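Readers should treat all values here as calculations from the given coordinates under stated rules, not as data from a laboratory. Remember, predicted model here, so these are calculated numbers, not experimental data. Please note: Cβ atoms are built from the backbone with ideal geometry, for glycine as well, and neighbour counts cover all protein chains shown.
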Amino acid sequence: MADAGAVRQFVRFSEAIGLPLQSILDPQLNAIVAAAAQSERVPAHGIVDLLQVSSAVSGRSDLGIAFAAWGNLRGYGPLSLLWDHCPTFKEAIRVNHQYMHLESGALATRSDDFGDEVYLSSVVLVEARFGASQFVEATLALSMLVGRLILGQSWTPVKMEFQHPAPRSLRQHHDLFRCPVEFGAERNALVVSKSDLTRETGAGNAHMLAYLERHLASSSSQWPEGLVHQIERIVSTNLSSGDIALEQVAAALNMNLRTLQRRLSVQGQSYNRIVERVRKRIVQDYVNSDANPNLSELAFRLGYSETSAASRFLSSKMGIRLRG
């Protein structure tokens, strides 16, 4: 599930740009739009599919970043209320990691250091019926805008990286990001300098941040993240690096290995089935978003060191054959 704030904002955005949502959406998506007007939470795939369908119908390949630039940074859900009070960008990243499941079950994030740079990666956790490229662009653009909220409007990232192919025009991307933008990359990431993460501007309020965090912690007890979803998030964000052994997942959950296995068994789940489900979702999103899928690239995303292993998975589990 996800906070309904993003869907409500997108409805207002579509009205502002003259996009007739009701006539272009299927019954399932129209039902999610209707539910967002009344409910606090909606299915997490809703905003993903809304953005992708609307982009295709309108012919706007920049719809995701246009929506992020148009939206109210404080209107996405309870997590968005904390960003104003973070004294550093690093603190904003920390609270996003900790409370993202309250904002949206569709997204997971991770940070990786490479020398003087930090890659802030986003991974889609839900099955996207039509692809997720617009959602990915919107969420990374939102992360970049949070950086500007803290560091000032003149701040720019080192670069932006997107796994999907480049759109026809990049003018809006360059206008918004004001930095190099790479497509067909290994990950979806906002790349920032390490020094920017800890640079204080005096704009944050640590006391207010702590106060609001206590309220989010309370909300977390009302909307707890289920064990299976936690595992899916860990697997999704670590799959390409190969760090997905069950022992590593148990350590990430601060849980004894046998306890984790027992809890999964009680829920009628197995770790192998969870990993398979995550891999299938990654394959489907890749095939939907890339007109020329490549087996070597997909093998990397799936966490296979050999393309032959990826080929066997695609053939036996999904009936798909790709060339290297």
How large is the charge dipole for the chain, taken about the Cα centre, if only the Cβ atoms of Lys, Arg (+1) and Asp, Glu (-1) carry charge, to the nearest 20 debye?
640 debye
For segment 251-309, build the charge dipole from Cβ charges (+1 Lys, Arg; -1 Asp, Glu) around the Cα centre, then report which of Val283, Ser265, Phe300 sits farthest towards its positive end.
Ser265
Phi angles of segment 8-18, converted by Karplus (6.51 cos²θ - 1.76 cosθ + 1.60, θ = phi - 60°) into ³J(HN,Hα) in whole Hz with x for Gly and Pro, give 4, 5, 5, 4, 5, 5, 4, 5, 5, 9, x
Express in whole angstrom the spacing between the alpha-carbon centres of segment 248-272 and segment 39-78.
34 Å
For Cα pairs less than 8 Å apart in space and 6+ apart in sequence, what is the mean separation divided by the residue count of segment 108-151, i.e. the relative contact order in percent?
26 percent
Under the Karplus relation 6.51 cos²θ - 1.76 cosθ + 1.60, θ = phi - 60°, what is the ordered set of whole-Hz ³J(HN,Hα) values for segment 251-257, x standing for Gly and Pro?
5, 5, 8, 6, 10, 5, 4
Can you run phi through the Karplus equation (6.51, -1.76, 1.60; θ = phi - 60°) for segment 145-153 and list ³J(HN,Hα) in whole Hz, with x for Gly and Pro?
5, 5, x, 5, 4, 8, 9, x, 5
Taking the chain as a Gaussian network, Cα atoms linked when under 10 Å apart, which of Pro165, Pro27, Pro43 shows the biggest mean-square fluctuation?
Pro27
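As a footprinting exposure proxy, order Leu257, Leu239, Leu81, Leu63 by other Cβ within 10 Å, with the fewest listed first.
Details: Leu257 13, Leu239 20, Leu81 17, Leu63 28.
Listing Leu257, Leu239, Leu81, Leu63 from fewest to most nearby Cβ atoms yields Leu257, Leu81, Leu239, Leu63.
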From the Cα gyration tensor of segment 172-281, with a ≥ b ≥ c the square roots of its eigenvalues, which class applies: rounded if a/c is under 1.5, or else prolate if a/b is larger than b/c, or else oblate?
oblate
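Could you please rank Asp84, Asp285, placing first whichever residue has the fewest other Cβ atoms within 10 Å of its Cβ?
Numbers: Asp84 18, Asp285 24.
The order, fewest Cβ neighbours first, is Asp84, Asp285.
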What value, in deg cm²/dmol to 500, does the helix sum -39500 (n - 2.57) over DSSP H runs of n ≥ 4 give at 222 nm once divided by the residues of the chain?
-17000 deg cm²/dmol
Check which residues have an amide H placed less than 5 Å from Ala2's amide H, if you skip close sequence neighbours.
Val42, Ala44, Gly105
In what sequence do Val249, Val235 fall when counting other Cβ within 10 Å, fewest first?
Val249, Val235
Fluctuation leader among Glu213, Glu297, Glu15 - the chain, Gaussian network, Cα springs under 10 angstrom:
Glu15
Amide H neighbours of Glu117 under 5 Å, counting only residues 5+ apart in sequence or on other chains, H built in-plane at 1.01 Å?
Lys194
Positive end of the charge dipole of segment 2-198 (Lys, Arg +1 and Asp, Glu -1 on Cβ, about the Cα centre): tell me which of Thr198, Leu107, Gln52 has its Cα farthest that way.
Gln52
